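Undergrad: One structure follows; several queries about it will come next.
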Amino acid sequence: MAIDLGTANTLVVLKGKGVVLNEPSVVAVVDNKGKKSVLAVGDEAKTMLGRTPGNIQAIRPLRDGVIADFIVTEEMIKHFIKKVHKKTIANPRILICVPTGSTPVERKAIQDSALAAGARRVQLIEEPIAAAVGAGLPINEATGSMVIDIGGGTTEIAVMSLGGVVYSESLRVAGDAMDNSLKEYMREEYNLMIGDSTAEKIKKDIGTAIPTNNNTYAVKGRDLRSGTPKEVNISEEDTAEALNPILKDIVSSIKKALENTPPELSADLVDMGLTLTGGGSLLNNIDKRFSKETGLPVNVADDPLSCVAIGTGKALDQEETFSSVLSEY
Ligand code: ADP
Ligand code: MG
């Protein structure tokens, strides 16, 4: 069993079956006079985000790429493993993909959660390596490659060669920050308060890094002055302006990574280009924008949302080839 424990989505891959679970990394917790218990996990819990009454809390335990809540994270991992457990052998070997920025304590906690959920053996793989394997990059060769994984909470930028990470940075600016920027923009430009889900929907529906048309799009929210529900029309231009600060942050980190890349590997990147993975790479024209700003070719991996899970699955299957990048605590 291979698990991509993402800040926004968790995916589970089973040998020979591909992706068998793909649900938001969200847990709804009820607080009954100080006694907390899990109400819902995944899809069911996500619909509750921003809509819960006082005693229920919908939590994204990995939100910023670090484990904000160990107990909730453990419950979530156990729930997902149990959910697919029926389809697999008892006590599977599990390979879990973790962000490069996670601490040894967090890695151990993730590993222990999976063991507690019935795994026979738990190994970990770093996210950029899994992303590169999933994108089909030749990471075991002496050729440099750069992967930029734009997830929900974090953007992971890594340069790899010979199966190892030569440089990596985990930036706490990704899809969630894009949503927040859109919320702020709607408030400032249109006096409209919108929720997280609405902001995410705008981003997916018409959000763009470079505007290409003037079509309008209706957004519903609450008028800040009157307090009543209101609808306004926005354009692609609005989204590009709102997302600009986030894209600039990511570009400056990419440039920093390029400056820190050894010259021989830099030369490889001129031919190979940069590879984008993660849900954030689905933002319209983000590849064109990055290419324009770096002067390098930029490719979006096939199926960017599943790329890391698929790569983790491949590493699980080919244990021998990838033994040097698998770790245990
Ligand atoms: P993680 O690995 O952190 O769980 P994912 O790779 O699953 O993250 O990506 C989730 C992020 O991708 C979310 O912020 C989501 O809003 C964003 N996303 C998904 N589809 C699109 C799209 N079409 N355009 C822009 N962003 C998208
Ligand atoms: Mg991810």
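Undergrad: Let me spell out the model: positive unit charges on the Cβ of Lys and Arg, negative unit charges on the Cβ of Asp and Glu, origin at the Cα centre of segment 118-200. What dipole size does that give, in debye rounded to 20?
TA: 400 debye
Undergrad: Order the peptides 255-262, 8-15 from the highest to the lowest mean number of other Cβ atoms within 10 Å of their residues. Kindly include the intermediate steps, with their values, before the conclusion.
TA: Numbers: 255-262: 15.0, 8-15: 22.6.
Per-residue Cβ counts within 10 Å, averaged per peptide and sorted highest first, yield 8-15, 255-262.
Undergrad: Figure the gain on full extension for Lys82 and Glu328 (residue separation times 0.36 nm, minus the Cα-Cα span) and round it to one decimal in nm.
TA: 86.4 nm
Undergrad: Moving on to the next point. Compute a Gaussian network model of the chain, connecting alpha carbons closer than 10 Å, and tell me which residue from Ser266, Ser226, Ser37 fluctuates the most.
TA: Top of the fluctuation ranking is Ser226.
Undergrad: Mind giving me the nanometre distance, one decimal, between the label points for Leu282 and Ala90, set 7 Å out from Cα along Cα→Cβ?
TA: Result: 3.8 nm between the two label points.
Undergrad: Go through segment 123-128 residue by residue and turn each phi into a ³J(HN,Hα) via Karplus (6.51, -1.76, 1.60, θ = phi - 60°); whole Hz please, and just put x for glycine and proline.
TA: Residue by residue, segment 123-128 yields 10, 10, 9, 6, 3, x Hz.
Undergrad: Expressed as a whole number of Å, what is the distance separating the alpha-carbon centroids of segment 259-329 and segment 1-49?
TA: One Cα centre to the other: 25 Å.
Undergrad: Nearest-5 percent of antiparallel DSSP beta bridges in segment 210-329?
TA: Within segment 210-329, antiparallel bridges account for around 70 percent of the total.
Undergrad: Whole-Å semi-axes of the chain's equivalent ellipsoid, largest first, each the root of 5 times a Cα gyration tensor eigenvalue?
TA: 32, 29, 15
Undergrad: Continuing with this model, one more query. To make sure I understand, if each residue's beta carbon is the centre and we count other beta carbons within 10 Å, what order do Lys35, Lys183, Lys220 fall in, fewest to most?
TA: Placing the least packed residue first, the sequence is Lys35, Lys220, Lys183.
Undergrad: Work out the length of the dipole vector of segment 271-317 about its Cα centre, built from +1 on the beta-carbon of each Lys and Arg and -1 on the beta-carbon of each Asp and Glu, and round it to the nearest 20 debye.
TA: Details: 4 positive and 6 negative charges, 37 e Å.
I would put it at about 180 debye.
Undergrad: Okay, moving on. For Leu21, what residues show an amide H to amide H distance below 5 Å, using hydrogens built from the backbone and excluding near sequence neighbours?
TA: Close amide H contacts, sequence-distant or interchain: Val12.
Undergrad: Could you compute the FRET efficiency for Val30 and Asn233, with r as their C-beta to C-beta distance and R0 at 56 Å, rounded to 0.05?
TA: 0.90
Undergrad: Next up: Would you mind calculating the gained length between Arg172 and Glu241 on full extension (0.36 nm times residue separation, minus the Cα-Cα distance), in nm to one decimal?
TA: Full extension from Arg172 to Glu241 adds 22.8 nm.
Undergrad: Could you check which residue among Gly227, Gly280, Gly311 shows the biggest mean-square fluctuation in a GNM of the chain with a 10 Å Cα cutoff?
TA: Comparing Gly227, Gly280, Gly311 in a Gaussian network model of the chain, the most mobile one is Gly227.
A short reminder: the numbers here are calculations on the coordinates, not readings from a lab. Since we're looking at a predicted model, the values are computed, not measured. Don't worry about glycine lacking a Cβ; one is built from the backbone with ideal geometry, like all the others, and counts go over all protein chains shown.
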